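Reading through the structure tokens given below for one structure.
The values are calculated or read from the model by the stated rules, or taken from the named source; none is laboratory data. Please read all numbers here as calculations on a predicted model, not as lab measurements. Glycine gets a Cβ as well: all are built from the backbone with ideal geometry, and neighbour counts include every protein chain shown. With ligands, DNA and RNA removed, areas are computed over all heavy atoms of the protein, side chains included. Shrake-Rupley method; radii C 1.70, N 1.55, O 1.52, S 1.80 Å.
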Amino acid sequence: QGRLEESGGGSVQAGGSLRLSCAASQISFSMGRLAWFRQAPGKEREGVATINSGGDITYYADSVKGRFTISRDNAKNTVYLQMNSLKPEDTAMYYCAAGWTGGNWYRAEQFLIWGQGTQVTVSS
């Protein structure tokens, strides 16, 4: 019944920034963990960042630590991903995910609700 929709992707030069948003309808973000994933052509979907239900604990993939920041606004049922110092290797389709089953957050199969994705392209 719930739906997620990402926005904010685009094409930027290396070193630039983007802020992704994911808005939910008929889903209460306050009920559980949320995450951002990305998938490049020919590669598996990988976990980028996650945030707990209270918004006070976050985890990141080693490749984005110090550059990306995940945050949430439970009142607006929205989760964000601020991406700074972007690199060409960050190029991918980015997805937000909800409905965490309680397993390892960086595995895509642990989330049951997904958005359609937003494309991020970083040129050198």
Next on the checklist: Given the condition among the aromatic types (F, W, Y), at pLDDT 95 or above and within 15 Å of the chain's Cα centre (by Cα), answer yes or no: does some residue in region 19-29 qualify?
Outcome noted: no
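Mind listing just one residue for me: the one in region 68-87 that is open to solvent by 30 Å² or more (accessible area, probe 1.4 Å) and among the polar types (S, T, N, Q) and, of those, nearest to G55 (Cα to Cα)? Reasoning before the result, please.
As a first pass, look at region 68-87 and keep what is open to solvent by 30 Å² or more (accessible area, probe 1.4 Å): 69, 71-77, 80, 82, 84-85, 87.
Narrowing further to those that are among the polar types (S, T, N, Q): 69, 71, 74, 77, 82, 84-85.
Numbers: T69: 12, S71: 7, N74: 9, N77: 12, Q82: 15, N84: 20, S85: 24 Å.
Within region 68-87, the match that is nearest to G55 (Cα to Cα) is S71.
From the residues in region 96-115 that are of a type outside the set (A, V, I, L, M) and outside any loop (DSSP other than H, G, I, E, B), which one is nearest to the chain's Cα centre (by Cα)?
Filtering region 96-115 down to residues of a type outside the set (A, V, I, L, M) leaves 96, 99-107, 109-111, 114-115.
Right, trim to outside any loop (DSSP other than H, G, I, E, B) and you get 96, 99-100, 109-111, 114.
On the way: C96: 4, G99: 14, W100: 14, E109: 15, Q110: 14, F111: 12, W114: 10 Å.
Applying the filter and picking the extreme gives C96.
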Next on the checklist: I'd like to know if region 37-56 contains one or more residues that are at pLDDT below 95, among the aromatic types (F, W, Y) and either more than 14 Å from the chain's Cα centre (by Cα) or open to solvent by less than 70 Å² (accessible area, probe 1.4 Å) (or both).
Outcome noted: no
Checklist entry - Do we have any residue at all in region 88-105 that's farther than 26 Å from Q13 by Cβ, at pLDDT 95 or above, open to solvent by 30 Å² or more (accessible area, probe 1.4 Å) and of a type in the set (S, T, Y)? => result no
